[in-house]
1. Test each condition in (1) modelled with pLDDT of 80 or more; (2) in contact with a helix residue (DSSP H, G or I) (Cβ under 6 Å, 6 or more places away or on another chain) for TRP209 and report the one that comes out false.
2. State whether one or more residues within the range 144-162 are closer than 28 Å to PHE313 by Cβ and out of contact with any Asp or Glu (no Cβ under 9 Å at 6 or more places or on another chain).
3. How many residues are of a type in the set (A, V, I, L, M, F, W, C), under 16 Å from the mean Cα position of the chain (by Cα) and open to solvent by less than 10 Å² (accessible area, probe 1.4 Å) if we restrict to the range 286-324?
4. Would you point out the residue of the range 260-277, among those that are in contact with a Phe, Trp or Tyr (Cβ under 6 Å, 6 or more places away or on another chain) and not hydrophobic (A, V, I, L, M, F, W, C), that is surrounded by the fewest Cβ atoms within 10 Å (Cβ to Cβ)?
5. Identify all residues within the range 381-406 that are within 14 Å of ALA138 (Cβ to Cβ) and in contact with a Phe, Trp or Tyr (Cβ under 8 Å, 6 or more places away or on another chain); write none if there are none.
6. Is it true that some residue in the range 117-129 is under 30 Å from GLU272 (Cβ atoms), at pLDDT below 80 and crowded, with 19+ Cβ neighbours inside 10 Å?
7. Select, from VAL380, VAL358, the only residue that is surrounded by fewer than 24 Cβ atoms within 10 Å (Cβ to Cβ) and in contact (Cβ under 8 Å) with a residue 60 or more places away in the chain.
8. Does ILE134 meet the test of being of a type in the set (Val, Ile, Thr), without any contact (Cβ under 8 Å) to a residue 40 or more places away in the chain and under 30 Å from GLU370 (Cβ atoms)?
Amino acid sequence: MEQHRHRPWYSQGVITSIRRVRYFIFLRDVFILTISAFGGPQAHLTLLLKMMVEKRRYLSEKDLMELYALCQILPGPSSTQTITGIGYRIGGPKLAFLTLLVWMLPAVSLMTVAAIVLSNIQEKELSLEFTRFIQPMAVGFVFYAAYTLSVKVVNTRSGIIIMIAATIISFLIRKPFIYPLLLLLAGVVTALKYRKHPREEKGKLSVRWGNLTLWISILVVAAITAGITQAVPIRIFENFYRNGSLIFGGGQVLIPLLYTEFVNFKQYLTSEEFLTGYALVQAIPGPVFSFSAFIGSLAMRDYGVGGEVLGAFVASLGIFLPGTFLIFFMLRFWDNLKKYRVIKASLEGIVAASAGMVIAAALLLLEPLELSYLNIGIVVGTALLLQFTRIPAPIIILAGLLAGILF
């Protein structure tokens, strides 16, 4: 009779220690990525492939690409969701939340400091003339994003029609509610074409609703609490949590929503401040969604430095949490859900509408600029540099700041 094999008394402790070391190494790798991740989701994916797949072998290339594809079609910051999802697969929710903190904190901290410095400069009535070149540069970045997004993801007649319609509607109707409505309608329109997609054999769809319930509960409670109390920090959290729950397509699609709500509608900051902040976020590594910290900080500038830090914190928490809850929710059953034809078909419309909203954002951001030959030249030149050269975005922005100081 075979004897039962017992683990040594120390084995569980050794396994736990090894696991902790592995988690520490993983978080260190995440930190290295966040301080070197310039260029948006596409560039971030390249870095993830090199670090997470080729060097560390935390997952396979196929696993990474499938995870990245899922994050591309979920609301929220796709790079952040991808790296958080890797942490979730390795160590569950605890490691995933630590991964989120390590990934977002450097960029959020830098954008908070930038907002506080900008606010202090304005309080002392010093000139912001040195930012005059990076404001049209920021518009150039958005035009480039609009071009690349439309070329890469919109390749059907219905997609082009939806993109044009979304551009016109979101440009003419400058209300925050129009963006989720456009995304919903666009998804419904193309979902009707589901029969054009081939059938796939489906497994059992087992759904755990915990994270989805948490996401919706926070959305509802934040909206009710903000409406009752009118407390500025809670309103800021609700604003960013709602936007983070509705943004498909990453940081570029974030811009029209934030500009419409916080510049046009609530007037928490001026268009010049908005463009300056957006230009600066292009010059730092990490997630573009850290731009929210800049806006949240300026929205509470009347409450002193402590208020500015609080505003940056609640804005960042609001913008990053929804995508995190959603990726936790979706990872458990995504492999089966993506085989449904209606889901596949609806994504065409959602992506096309997102592209149209980015085009509208570029046009909206162009409006407050003085339409001089110099500004138009900087907008066009920035877009051309991004398209036809390999000059990193931070170098372009730093050159613009230096030109503003010297000239």
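The values are calculated or read from the model by the stated rules, or taken from the named source; none is laboratory data. Everything numeric here is computed off the predicted structure, so don't read it as measured data. Cβ sites come from the backbone with ideal geometry, for glycine too, and all protein chains shown count toward neighbours. What goes into the accessible areas is simple: the full protein's heavy atoms, side chains included, and nothing from ligands, DNA or RNA. Shrake-Rupley method; radii C 1.70, N 1.55, O 1.52, S 1.80 Å.
1. Going through the list (1) modelled with pLDDT of 80 or more; (2) in contact with a helix residue (DSSP H, G or I) (Cβ under 6 Å, 6 or more places away or on another chain), TRP209 breaks only (2).
2. yes
3. Of the residues in the range 286-324, 9 are of a type in the set (A, V, I, L, M, F, W, C), under 16 Å from the mean Cα position of the chain (by Cα) and open to solvent by less than 10 Å² (accessible area, probe 1.4 Å).
4. That would be TYR268.
5. Hits for the range 381-406 are THR382, ALA383, LEU386, ALA393, PRO394, GLY400, LEU401, GLY404.
6. no
7. After applying the criteria, what remains is VAL380.
8. no
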